[in-house]
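Step one of this worksheet: look at the structure below.
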Amino acid sequence: KLRDPEQPEFHQAAEEVLSTLWPFLQEHPKYLKAGIIERLIEPERVIMFRVPWMDDNGQVHVNRGFRVQMNSAIGPYKGGLRFHPSVNLGVLKFLAFEQVFKNALTTLPMGGGKGGSDFDPKGKSDAEVMRFCQSFMTELSRHIGENLDIPAGDIGVGAREIGYMYGQYKRLRNEFTSVLTGKGLTYGGSLIRPEATGYGAVYFAEEMLQERGLSLEGQRIALSGSGNVAQYAALKAMDLGAMVISISDSGGTLYFSEGMTAEQWHHLMELKNERRGRLVEMASQFNLEFLAKRTPWHLACDIALPCATQNELNGDDARTLIANGCHSVVEGANMPSTLEAIDVFLENRILFAPGKAANAGGVAVSGLEMSQNAMRMQWTDGEVDTKLHAIMQSIHSACERYGKEEDGYINYVKGSNIAGFVKVADAMLAQGVV
Ligand code: NDP
């Protein structure tokens with residue numbers, strides 16, 4: 001009998017991992033005997049709570065808050081908070097499950113967790129967002145701590161939201177600790193944290209392309225999303241000589257037939273991070289084509305970089321991408337490709353980097369933020385960037401070690417799942433049945 005049938009995203013994430021792990025598990029039955037799989041798919045703890053807040057007109061609203069503490073075998077729970085109307089327990093369980101493997105891949109001592117709320121920050125005033133964040137943290141603060149659970153940002157949770165939540169945590173607990181990452185630079189944040197996920201994904205792409213004797217120079221990249229991950233993936237890709245031909249938001253896709261320019265990138269940063277506006281506004285200003293309600297996957301490109309949300313790229317999209325010449329797919333978002341799309345990529349020997357490997361740079365630099373806070377020091381941007389680069393290279397090596405097939409093709413799905421699994425499972429074995 002299927003447990004929790006109302007959680008399709010969680011089942012999808014679990015199926016992806018377990019189906020690739022299965023042959024490995026049969027060769028190593030000690031993991032099956034110890035019930036590692038049954039334990040991995042059940043969160044250690046789930047916290048659900050009411051988040052009441054008042055809007056600017058004095059009307060009270062109630063949202064639902066969550067924290068899924070999935071696995072602490074190799075370190076304290078670590079993973080972002082998402083504020084989006086689509087948030088529910090199944091979505092957060094899928095994200096927390098992925099996070100366990102991703103965090104293990106970073107080489108840093110971090111367990112996996114994820115949390116958030118079905119609150120929609122879009123269209124809310126700063127004061128409303130602040131009141132919501134304060135209410136959310138009032139309850140969450142009882143369940144987290146610098147040695148227990150250290151949340152960060154995700155969709156809908158950026159520098160503004162982290163700041164409000166950090167301020168409330170400090171007020172409630174009367175202590176200045178590294179309980180959140182993604183903090184502002186003036187109060188304990190790390191240089192390169194905003195850039196880390198996007199930069200990391202592009203560093204991973206570089207490693208992957210090198211395997212086929214390619215570089216990013218001159219490659220046409222179809223990118224989706226226009227938030228934190230997409231912004232810095234675009235910047236790094238452009239820095240390395242690639243041409244970014246699209247970005248998107250929930251309104252549609254903005255197409256840059258000649259590639260995005262530095263001026264357009266700066267405009268995007270101001271539009272999305274300061275004015276919190278919609279991409280369609282950039283179309284008329286720069287005389288660009290806006291493809292309303294469409295994703296970018298029908299555009300001819302060499303590399304696809306999905307950086308928006310889960311299940312944004314399906315089997316038909318995958319076939320269209322390949323027919324149009326796409327040779328590599330790098331997931332900046334978490335689980336943007338459906339199971340069918342992944343099968344299409346693997347069958348066609350497309351270079352395919354799953355999110356848990358390619359977007360691990362964000363949580364890796366969050367781990368480095370915790371280290372800097374513990375030392376009461378701040379590394380330079382160069383130092384953090386060098387460490388990020390080295391971590392992405394080591395993740396690539398781990399994928400290669402466990403995912404290289406007889407014909408030389410690297411199956412990054414298999415590689416990342418087995419590499420992440422072995423680290424967590426061995427720690428669980430050592431710690432007994434808990
Ligand atoms: P942001 O909130 O900064 O940006 C999200 C982007 O995705 C926006 O452009 C948003 O458009 C679009 N988007 C979100 N939901 C939908 C939807 N249902 N349909 C269409 N478009 C959508 O989030 P991030 O950039 O931080 O996160 C993007 C992805 O990367 C997520 O999957 C996240 O889990 C993952 N990730 C993020 C990390 C980080 O460090 N931030 C680390 C690792 C993974 P709109 O504004 O119109 O909603």
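The values are calculated or read from the model by the stated rules, or taken from the named source; none is laboratory data. None of these values were measured; they are calculated from a predicted model. Cβ: placed from backbone, ideal geometry, glycine included. Neighbour counts: every protein chain shown.
Could you look through segment 409-434, keep only residues that are assigned to a loop (DSSP other than H, G, I, E, B) and modelled with pLDDT of 95 or more, and pick out the one that is farthest from F97 (Cα to Cα)? Show your work before the answer.
Within segment 409-434, the subset assigned to a loop (DSSP other than H, G, I, E, B) is 409, 411, 431-434.
Subsequent filtering for residues that are modelled with pLDDT of 95 or more retains 409, 411, 431-433.
Details: Y409: 26, N411: 20, Q431: 20, G432: 20, V433: 19 Å.
Top of the filtered list is Y409.
I need the full set of residues from segment 1-53 which are assigned to a helix (DSSP H, G or I), under 16 Å from F94 (Cα atoms) and basic (K, R), in order please. Spell out how you get there, then give the answer.
As a first pass, look at segment 1-53 and keep what is assigned to a helix (DSSP H, G or I): 8-27, 30-33, 36-40.
Checking which are under 16 Å from F94 (Cα atoms) leaves us with 8-19, 37-40.
Answer for segment 1-53, where residues must be assigned to a helix (DSSP H, G or I), under 16 Å from F94 (Cα atoms) and basic (K, R): just R39.
Can you find a residue in segment 190-201 that is in contact with a Cys (Cβ under 6 Å, 6 or more places away or on another chain) and under 21 Å from W265 (Cβ atoms)?
Start the filter on segment 190-201 by keeping residues that are in contact with a Cys (Cβ under 6 Å, 6 or more places away or on another chain), which leaves none.
Scanning segment 190-201, I find no residue that is in contact with a Cys (Cβ under 6 Å, 6 or more places away or on another chain) and under 21 Å from W265 (Cβ atoms), so the answer is no.
Tally up the residues in segment 199-209 that are surrounded by fewer than 24 Cβ atoms within 10 Å (Cβ to Cβ) and either free of Cβ contacts under 8 Å to residues at least 40 places away in the same chain or under 14 Å from the mean Cα position of the chain (by Cα) (or both), please.
Within segment 199-209, residues that are surrounded by fewer than 24 Cβ atoms within 10 Å (Cβ to Cβ) and either free of Cβ contacts under 8 Å to residues at least 40 places away in the same chain or under 14 Å from the mean Cα position of the chain (by Cα) (or both) number 1.
Can A237 be described as under 15 Å from E195 (Cα atoms), of a type in the set (A, V, I, L, M, F, W, C) and modelled with pLDDT of 95 or more?
Values: under 15 Å from E195 (Cα atoms): yes; of a type in the set (A, V, I, L, M, F, W, C): yes; modelled with pLDDT of 95 or more: yes.
Yes; evaluated as a whole, the condition is true for this residue.
When you go through R39, R50 one by one, which is the residue that is in contact with a Lys or Arg (Cβ under 8 Å, 6 or more places away or on another chain) and surrounded by fewer than 19 Cβ atoms within 10 Å (Cβ to Cβ)? Walk me through it before giving the result.
Values: R39 fails: in contact with a Lys or Arg (Cβ under 8 Å, 6 or more places away or on another chain).
Selected residue: R50, the only one of R39, R50 that is in contact with a Lys or Arg (Cβ under 8 Å, 6 or more places away or on another chain) and surrounded by fewer than 19 Cβ atoms within 10 Å (Cβ to Cβ).
Look at A34 and say whether it is surrounded by fewer than 19 Cβ atoms within 10 Å (Cβ to Cβ) and within 23 Å of the chain's Cα centre (by Cα). Full working, then the answer.
Values: surrounded by fewer than 19 Cβ atoms within 10 Å (Cβ to Cβ): yes; within 23 Å of the chain's Cα centre (by Cα): no.
It is false that A34 is surrounded by fewer than 19 Cβ atoms within 10 Å (Cβ to Cβ) and within 23 Å of the chain's Cα centre (by Cα).
Only one residue in L191, L216 is away from the ligand (no atom under 16 Å from the Cβ) and in contact with an Asp or Glu (Cβ under 8 Å, 6 or more places away or on another chain), so which one is that? Break it down stepwise before answering.
On the way: L191 fails: away from the ligand (no atom under 16 Å from the Cβ).
From the options L191, L216, the qualifying one is L216.
So for segment 101-121 (the condition being among the β-branched types (V, I, T), crowded, with 24+ Cβ neighbours inside 10 Å and outside any helix (DSSP H, G or I)), does at least one residue qualify?
Restricting attention to segment 101-121, the residues satisfying the condition of being among the β-branched types (V, I, T) are 106-107.
In the following step, the residues that additionally are crowded, with 24+ Cβ neighbours inside 10 Å were identified as 106.
If we keep only those that are outside any helix (DSSP H, G or I) too, we end up with 106.
Within segment 101-121, one or more residues are among the β-branched types (V, I, T), crowded, with 24+ Cβ neighbours inside 10 Å and outside any helix (DSSP H, G or I).
Given the residues A222, A196, which is the only one that is within 16 Å of the ligand (Cβ to nearest atom) and either part of a helix (DSSP H, G or I) or free of Cβ contacts under 8 Å to residues at least 24 places away in the same chain (or both)? Write out each step before concluding.
On the way: A222 fails: either part of a helix (DSSP H, G or I) or free of Cβ contacts under 8 Å to residues at least 24 places away in the same chain (or both).
Only one candidate qualifies: A196.
Read through the list (1) surrounded by fewer than 21 Cβ atoms within 10 Å (Cβ to Cβ); (2) assigned to a loop (DSSP other than H, G, I, E, B); (3) within 13 Å of the ligand (Cβ to nearest atom), then give the number of the only condition that T181 fails.
(1)
Identify all residues within segment 237-255 that are more than 9 Å from the ligand (Cβ to nearest atom), free of Cβ contacts under 8 Å to residues at least 60 places away in the same chain and surrounded by 21 or more Cβ atoms within 10 Å (Cβ to Cβ); write none if there are none.
Matches in segment 237-255: V244, I245, S246, T253, L254.
Condition first: within 13 Å of the ligand (Cβ to nearest atom), over 13 Å from A353 (Cβ atoms), among the hydrophobic types (A, V, I, L, M, F, W, C) and free of Cβ contacts under 8 Å to residues at least 12 places away in the same chain. Can you find one or more residues in segment 300-316 that meet it?
no
For segment 396-434, enumerate the residues that are touching a Phe, Trp or Tyr at 6+ places or on another chain (Cβ under 6 Å) and farther than 27 Å from S328 by Cα.
The answer is A425, and nothing else.
Which count do you get for residues in segment 346-357 that are more than 10 Å from the ligand (Cβ to nearest atom) and either without any contact (Cβ under 8 Å) to a residue 24 or more places away in the chain or crowded, with 24+ Cβ neighbours inside 10 Å (or both)?
Residues of segment 346-357 more than 10 Å from the ligand (Cβ to nearest atom): 346-354, 357.
Retained after the next criterion (residues that are either without any contact (Cβ under 8 Å) to a residue 24 or more places away in the chain or crowded, with 24+ Cβ neighbours inside 10 Å (or both)): 347, 352-354, 357.
Adding up the residues that qualify gives 5.
Do you know which of the residues in segment 146-160 that are surrounded by fewer than 24 Cβ atoms within 10 Å (Cβ to Cβ) and within 18 Å of V51 (Cβ to Cβ) is nearest to the ligand (Cβ to nearest atom)?
G156
If we scan segment 136-145, do we find a residue that is among the β-branched types (V, I, T), in a helix (DSSP H, G or I), over 24 Å from M269 (Cβ atoms) and away from the ligand (no atom under 11 Å from the Cβ)?
Applying the first criterion (among the β-branched types (V, I, T)) to segment 136-145 yields 138, 144.
From what is left, the residues that are in a helix (DSSP H, G or I) are 138.
Adding the requirement that they be over 24 Å from M269 (Cβ atoms) leaves 138.
Of the ones still in play, those that are also away from the ligand (no atom under 11 Å from the Cβ) are 138.
Taking every residue of segment 136-145 in turn, at least one turns out to be among the β-branched types (V, I, T), in a helix (DSSP H, G or I), over 24 Å from M269 (Cβ atoms) and away from the ligand (no atom under 11 Å from the Cβ).
Pick from L271, L214, L223: which is buried (at least 21 other Cβ atoms within 10 Å of the Cβ) and of a type outside the set (V, I, T)?
On the way: L271 fails: buried (at least 21 other Cβ atoms within 10 Å of the Cβ); L214 fails: buried (at least 21 other Cβ atoms within 10 Å of the Cβ).
None of the other options fit; the residue is L223.
Which residue pairs have Cβ atoms under 7 Å apart, sit 6 or more places apart or on different chains, and have a first residue in segment 276-295 that is closer than 17 Å to A222 by Cβ and near the ligand (Cβ under 10 Å from one of its atoms) and a second that is in a helix (DSSP H, G or I) and not aliphatic (A, V, I, L, M)?
T295/D317
Filter segment 358-394 down to the residues that are assigned to a helix (DSSP H, G or I), β-branched (V, I, T) and either surrounded by fewer than 24 Cβ atoms within 10 Å (Cβ to Cβ) or more than 13 Å from the ligand (Cβ to nearest atom) (or both) and list them by number. Walk me through how you get there before you give the answer.
Filtering segment 358-394 down to residues assigned to a helix (DSSP H, G or I) leaves 358, 361-375, 381-394.
Next cut, β-branched (V, I, T) only: 363, 365, 384, 386, 391.
Hits for segment 358-394 are V384, T386, I391.
Mind checking which residues of segment 318-342 are away from the ligand (no atom under 16 Å from the Cβ) and not hydrophobic (A, V, I, L, M, F, W, C)?
R319, T320, N324, G325, H327, S328, E340
Given the structure, is Q69 polar (S, T, N, Q), more than 22 Å from A159 (Cβ to Cβ) and not in a loop (DSSP other than H, G, I, E, B)?
On the way: polar (S, T, N, Q): yes; more than 22 Å from A159 (Cβ to Cβ): yes; not in a loop (DSSP other than H, G, I, E, B): yes.
Spelling it out, Q69 is indeed polar (S, T, N, Q), more than 22 Å from A159 (Cβ to Cβ) and not in a loop (DSSP other than H, G, I, E, B).
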